[in-house]
Amino acid sequence: MNDTKEISYSIKGMDCAGCANTIETFCTKIKGIQNAEVNYAKSLLIIHVLNGSNAKEKLEKGVAALGFQLLKNDLPSSEHIEKSSCCTNHLEKKQKKTDIKNCSPLINNNDSHYHDNEHKKNIWLPIFIFSLAFVVALVIEYFAKTIGFAAFTALTLTGLFPVAKKAWIMAKVGYIFSVETLMTISAIGAIAIGSAEEAAAVIILFMLGETIEGYTARRARSGIQSLASLLPEQALLIKENGSRITIPTSDIQIDNLIEVKPSERIPVDGVIHTGMSYIDESLLTGESLPINKSVGEKVIAGSISTDGNIIIKATRLGIDNTVQKMIKMVEEAQGSKSRSMRSIEKFSRIYTPIVLLLGTLVAVLPPLLFSAPWIEWIYRGLTILLIGCPCALVISTPAAIASGITAATKLGILVKNASAIEIIGKVTKIAFDKTGTITYGHLKVKDIISFKNDENKLFQLIASVEEKSTHPLAKAILVDAQNKNISLLAVHNAKTIPGIGASAIINDQEVLVCSPVYAIQQGVLDTQQENQIRSTQLEGKTIAVVLLERNAIGFVSFSDELKSEAKNSILKLNKMGVRSVILTGDNKISTQAITSGLEAEIIAELLPEEKLSHIKNISKSEKIAMVGDGINDAPAIAAADIGIAMGAGTDVAVDTAQIVISRNNISAIVDTIELSRKTMKNIKQNITLSIGLKAIFLFLTIVGETQLWMAILADTGATVLVTLNAIRLLKYKGNKIKV
């Protein structure tokens with residue numbers, strides 16, 4: 001779009017998905033606007049305007065007339081979206097001192113959805129005033145019918161004015177079949193046939209429905225606010241000279257050292273530089289128990305150091321951490337549209353003019369063809385217009401989708417777009433990577449075998465040699481040595497020998513920790529020792545042989561472990577009709593040893609392109625999801641109908657996936673599928689409820705058993721019911737998979 005300019009606005013006063021749809025429809029009808037997109041979750045409007053047109057001025061004036069306020073963003077929209085993730089609690093508390101015009105209104109205090117306290121206080125005031133005026137008009141009518149009729153007429157016209165104004169503005173840009181149009185015609189028509197009191201009741205009920213809809217919609221999305229509150233406002237920075245200063249969390253730079261005291265929240269993603277503590281990550285990952293973490297282990301922003309004083313080395317900027325990524329993902333997911341949402345929108349554009357035509361025919365045909373009373377049938381036609389308001393139908397899907405995404409977020413499941421929550425429930429097969437997905441992804445010491453019958457001495461030698469090594473096997477050895485309280489010996493001339501292992505001098509003797517291949521090549525193993533090592537390898541374990549002065553004195557075996565919840569999670573998936581397949585690049589023996597007992601198909605020794613080929617072949621006949629965590633999984637994740645990444649995986653995998661499991665627990669995949677199915681069931685219930693109520697009242701209207709106020713109550717009631725039904729999804733707590 002070289003001949004267009006992109007403009008981004010923040011929107012104030014947008015209380016529901018219907019408002020977002022109204023603004024978006026209004027924008028697309030303005031000549032000169034090539035494209036318009038409203039992100040309801042972010043209260044953000046992005047338009048592409050033809051250069052040289054006056055569409056921008058028309059837009060700003062028209063949207064203001066619709067009752068919304070546009071705040072222009074100075075940043076391009078892409079930068080604005082990135083910037084939205086940096087608006088956290090410290091901005092909320094300092095909003096009077098800080099220019100926040102470039103911050104997402106979803107998080108800042110100016111947002112009408114969460115932080116506009118005056119808006120919340122006065123939300124019911126107009127309804128109270130109009131209801132009180134309605135009672136006064138009833139009293140007046142009781143004593144003076146003509147004056148009472150005038151009072152009801154004045155009350156109706158006062159409440160109708162903003163509605164009619166919206167309808168007129170929408171009509172001027174070609175959108176004449178709006179809800180506001182139906183309301184205006186019905187109310188004025190009711191006054192014209194002498195039913196002013198019913199018209200006034202309709203206006204009050206309409207206001208009540210709009211208010212409740214906005215309130216319940218905000219309630220459905222309130223999970224994002226709790227995410228924003230996870231970050232502390234300030235952090236304690238340790239300077240190079242050792243002094244400590246307090247800085248805003250957003251000012252933290254990569255490699256800064258940040259001190260976190262017991263019971264404080266961690267302000268930034270990083271690794272523990274000094275100290276040890278149990279870290280509570282429950283609000284971020286859903287992991288119920290604190291995890292003991294020490295030097296070198298990763299910690300995530302928003303988690304709590306429960307008992308230890310630790311120093312964190314930042315690995316990300318203060319404005320780019322896990323919490324803000326979660327906020328951004330949820331915002332974008334709730335702002336996106338699923339296939340169901342798009343279908344409902346298309347249907348409502350056809351549905352509304354049909355209702356208008358039907359109402360006209362009901363009002364006109366019986367009097368013309370059968371000499372029926374005009375007043376009676378005009379009344380029924382107006383009632384049909386009110387019954388036909390598509391509010392409940394329009395909100396039925398986005399309310400459920402937003403609630404489903406928020407419920408998933410609370411379980412540590414990040415859904416990147418609305419379509420993902422819809423599609424994941426339809427998969428019939430899930431492909432899992434092995435290492436880091438089905439397994440923990442790191443080796444643990446399994447067996448210590450000494451040829452000299454002194455296992456503790458053997459392990460002490462190994463741990464002492466590996467103390468300075470960065471090899472994964474060395475880390476596993478040192479962790480196990482620490483757990484067993486094994487003291488390390490003094491070493492000299494410690495070194496790593498590429499392709500062989502590590503060596504050091506201990507008590508004037510050379511100790512070499514090497515691969516079994518090297519030990520066999522050197523001829524230091526007898527037949528019995530070789531057979532023992534090979535037998536252990538057939539169990540899928542990795543071996544390190546220990547040589548003392550070039551004599552084999554024993555070996556240590558390592559293996560990755562199946563995640564504790566893996567077996568029961570896959571069993572649960574099978575019961576749900578979702579079959580599992582494990583795709584891995586590891587050798588068959590190791591894979592079969594680790595995954596024995598799983599009710600899943602195993603395909604091993606695959607290259608990344610072969611994983612991709614398997615996913616493509618399966619997707620031709622059924623819907624498949626791919627779960628992985630590594631760079632080599634990214635192509636397969638992208639090719640699947642739904643890509644799922646473990647949160648501790650590589651950035652490539654996380655960025656490629658549509659769903660991210662932040663707690664790295666595959667039982668969350670069971671939760672995701674179940675929540676998706678509940679969400680889609682909820683949508684079907686909502687659509688059935690909204691259309692069903694309309695069908696019932698339509699029939700009652702045609703046979704003359706409905707009044708105007710009952711019609712609007714039916715629509716308002718349906719709107720509230722479908723929203724409250726959607727909010728039920730927020731109570732979903734997930735499955736408690738046995739481990």
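The values are calculated or read from the model by the stated rules, or taken from the named source; none is laboratory data. Since this is a predicted model, take the numbers as computed values, not measurements. Every residue, glycine as well, gets a Cβ built from its backbone with ideal geometry; the counts of neighbours run over all protein chains shown. These accessible areas exclude ligands, DNA and RNA; they are computed on the full protein's heavy atoms, side chains included. Shrake-Rupley method; radii C 1.70, N 1.55, O 1.52, S 1.80 Å.
Exactly one of (1) assigned to a helix (DSSP H, G or I); (2) in contact (Cβ under 8 Å) with a residue 24 or more places away in the chain; (3) open to solvent by 30 Å² or more (accessible area, probe 1.4 Å); (4) not β-branched (Val, Ile, Thr) is unmet by Ser569. Its number?
Evaluating Ser569 over (1) assigned to a helix (DSSP H, G or I); (2) in contact (Cβ under 8 Å) with a residue 24 or more places away in the chain; (3) open to solvent by 30 Å² or more (accessible area, probe 1.4 Å); (4) not β-branched (Val, Ile, Thr) leaves (3) as the failure.
Would you mention how many residues in region 235-278 are modelled with pLDDT under 90 and assigned to a strand (DSSP E or B)?
Matching residues across region 235-278 total 2.
What is the number of the single condition among (1) at pLDDT 90 or above; (2) farther than 16 Å from Asp433 by Cα; (3) exposed (fewer than 15 other Cβ atoms within 10 Å of the Cβ) that Glu601 does not meet?
(2)
Which one is farthest from Ile424 (Cα to Cα) among residues in region 572-608 that are of a type in the set (Lys, Arg) and touching a residue at least 12 places away in the same chain (Cβ under 8 Å)?
Lys588
Could you check how many residues of region 428-468 are over 21 Å from Leu489 (Cα atoms), touching a strand residue (DSSP E or B) at 6+ places or on another chain (Cβ under 7 Å) and crowded, with 19+ Cβ neighbours inside 10 Å?
Going through region 428-468 one residue at a time, the tally reaches 11.
Here's the yes/no breakdown for (1) among the acidic types (Asp, Glu); (2) assigned to a helix (DSSP H, G or I); (3) within 30 Å of Ile375 (Cβ to Cβ):
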position	(1), (2), (3)
Lys681	no, yes, no
Gly692	no, yes, yes
Glu705	yes, no, yes
Ile727	no, yes, no
Ile737	no, no, no
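Run down Ala638, Ala648 and say which single residue is part of a loop (DSSP other than H, G, I, E, B), within 29 Å of Leu598 (Cβ to Cβ), among the aliphatic types (A, V, I, L, M) and open to solvent by 10 Å² or more (accessible area, probe 1.4 Å).
On inspection, the qualifying residue turns out to be Ala648.
Can you run down the residue pairs with Cβ atoms below 7 Å, 6 or more apart or on separate chains, where the first is in region 258-275 and in contact (Cβ under 8 Å) with a residue 40 or more places away in the chain and the partner is open to solvent by 60 Å² or more (accessible area, probe 1.4 Å) and assigned to a strand (DSSP E or B)?
Matching pairs, first to second residue: Glu259/Arg244; Gly270/Lys313; Val271/Lys298; Val271/Lys313; His273/Lys313.
Would you point out the residue of region 698-736, among those that are among the aliphatic types (A, V, I, L, M), more than 24 Å from Glu376 (Cα to Cα) and modelled with pLDDT under 80, that is least open to solvent (accessible area, probe 1.4 Å)?
Restricting to residues being among the aliphatic types (A, V, I, L, M), more than 24 Å from Glu376 (Cα to Cα) and modelled with pLDDT under 80, the top hit is Ala718.
Tell me which residues, restricted to region 414-458, are at pLDDT 90 or above, hydroxyl-bearing (Ser, Thr, Tyr) and assigned to a loop (DSSP other than H, G, I, E, B).
Thr428
Enumerate the pairs (first residue in region 160-185 and surrounded by 22 or more Cβ atoms within 10 Å (Cβ to Cβ); second residue anywhere and assigned to a loop (DSSP other than H, G, I, E, B) and at pLDDT 80 or above) with beta-carbon separation below 9 Å, excluding pairs fewer than 6 apart on the same chain, so at least 6 apart or on different chains.
Cβ pairs passing all conditions: Met170/Lys29.
If a residue has to be open to solvent by less than 40 Å² (accessible area, probe 1.4 Å) and modelled with pLDDT of 55 or more to count, how many in region 43-100 make the cut?
Matching residues across region 43-100 total 16.
Take Leu411 and tell me if it is at pLDDT 85 or above, farther than 27 Å from Glu601 by Cβ, surrounded by fewer than 23 Cβ atoms within 10 Å (Cβ to Cβ) and not aromatic (Phe, Trp, Tyr).
Yes.
Restricted to region 515-560, and to residues that are among the hydrophobic types (A, V, I, L, M, F, W, C) and under 19 Å from Asp480 (Cβ atoms), which residue is nearest to the chain's Cα centre (by Cα)?
Filtering region 515-560 for residues that are among the hydrophobic types (A, V, I, L, M, F, W, C) and under 19 Å from Asp480 (Cβ atoms), the one nearest to the chain's Cα centre (by Cα) comes out as Phe558.
Out of (1) at pLDDT 80 or above; (2) open to solvent by 10 Å² or more (accessible area, probe 1.4 Å); (3) out of contact with any strand residue (DSSP E or B) (no Cβ under 6 Å at 6 or more places or on another chain), what's the single condition that is false for Gln34?
Status for Gln34: all satisfied but (3).
Yes/no per residue for (1) β-branched (Val, Ile, Thr); (2) closer than 30 Å to Ile272 by Cα; (3) modelled with pLDDT under 80; (4) in contact with a strand residue (DSSP E or B) (Cβ under 7 Å, 6 or more places away or on another chain):
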position: Ser294; (1), (2), (3), (4): no, yes, no, yes
position: Thr322; (1), (2), (3), (4): yes, yes, yes, no
position: Lys325; (1), (2), (3), (4): no, yes, yes, no
position: Glu332; (1), (2), (3), (4): no, no, yes, no
position: Ala363; (1), (2), (3), (4): no, no, no, no
position: Phe370; (1), (2), (3), (4): no, no, no, no
position: Pro373; (1), (2), (3), (4): no, no, no, no
position: Trp377; (1), (2), (3), (4): no, no, no, no
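Cβ contacts < 7 Å: first residue among the polar types (S, T, N, Q), restricted to region 435-455; second residue assigned to a strand (DSSP E or B), any location; separation 6+ or different chain. Result?
Thr437/Val627; Thr437/Gly628; Thr437/Met646; Thr439/Leu562; Ser450/Ile553; Ser450/Gly554
Among the numbered criteria (1) out of contact with any strand residue (DSSP E or B) (no Cβ under 6 Å at 6 or more places or on another chain); (2) buried (at least 22 other Cβ atoms within 10 Å of the Cβ); (3) closer than 30 Å to Arg534 by Cβ, which one does Thr406 miss?
(3) is the only condition that Thr406 fails.
Which residue is surrounded by the most Cβ atoms within 10 Å (Cβ to Cβ), if the candidates are limited to region 605-635 and must be part of a loop (DSSP other than H, G, I, E, B) and modelled with pLDDT under 85?
If we take residues in region 605-635 being part of a loop (DSSP other than H, G, I, E, B) and modelled with pLDDT under 85, then Asp629 is surrounded by the most Cβ atoms within 10 Å (Cβ to Cβ).
Please work out if Pro232 is at pLDDT 80 or above, open to solvent by less than 40 Å² (accessible area, probe 1.4 Å) and not in a strand (DSSP E or B).
Considered against the rule, which asks whether it is at pLDDT 80 or above, open to solvent by less than 40 Å² (accessible area, probe 1.4 Å) and not in a strand (DSSP E or B), Pro232 comes out as yes.
Quick check: is even one residue across region 525-544 touching a residue at least 12 places away in the same chain (Cβ under 8 Å), closer than 30 Å to Gly647 by Cβ and not small (Gly, Ala, Ser)?
Yes, region 525-544 contains a residue that is touching a residue at least 12 places away in the same chain (Cβ under 8 Å), closer than 30 Å to Gly647 by Cβ and not small (Gly, Ala, Ser).
Being in contact with a helix residue (DSSP H, G or I) (Cβ under 8 Å, 6 or more places away or on another chain), under 30 Å from Val427 (Cα atoms), open to solvent by 10 Å² or more (accessible area, probe 1.4 Å) and not polar (S, T, N, Q) is the filter here; which residues of region 675-697 pass it?
Correct list: Arg677, Lys678, Met680, Ile687, Leu689, Ile691.
If we scan region 697-718, do we find a residue that is among the polar types (S, T, N, Q) and without any contact (Cβ under 8 Å) to a residue 60 or more places away in the chain?
No, region 697-718 contains no residue that is among the polar types (S, T, N, Q) and without any contact (Cβ under 8 Å) to a residue 60 or more places away in the chain.
Pairs needed: first member in region 128-140, at pLDDT 90 or above; second member anywhere, open to solvent by 80 Å² or more (accessible area, probe 1.4 Å); C-beta distance under 7 Å; at least 6 residues apart or different chains.
Taking only residues 6 or more apart or on different chains, the pairs are Ile140/Ile147.
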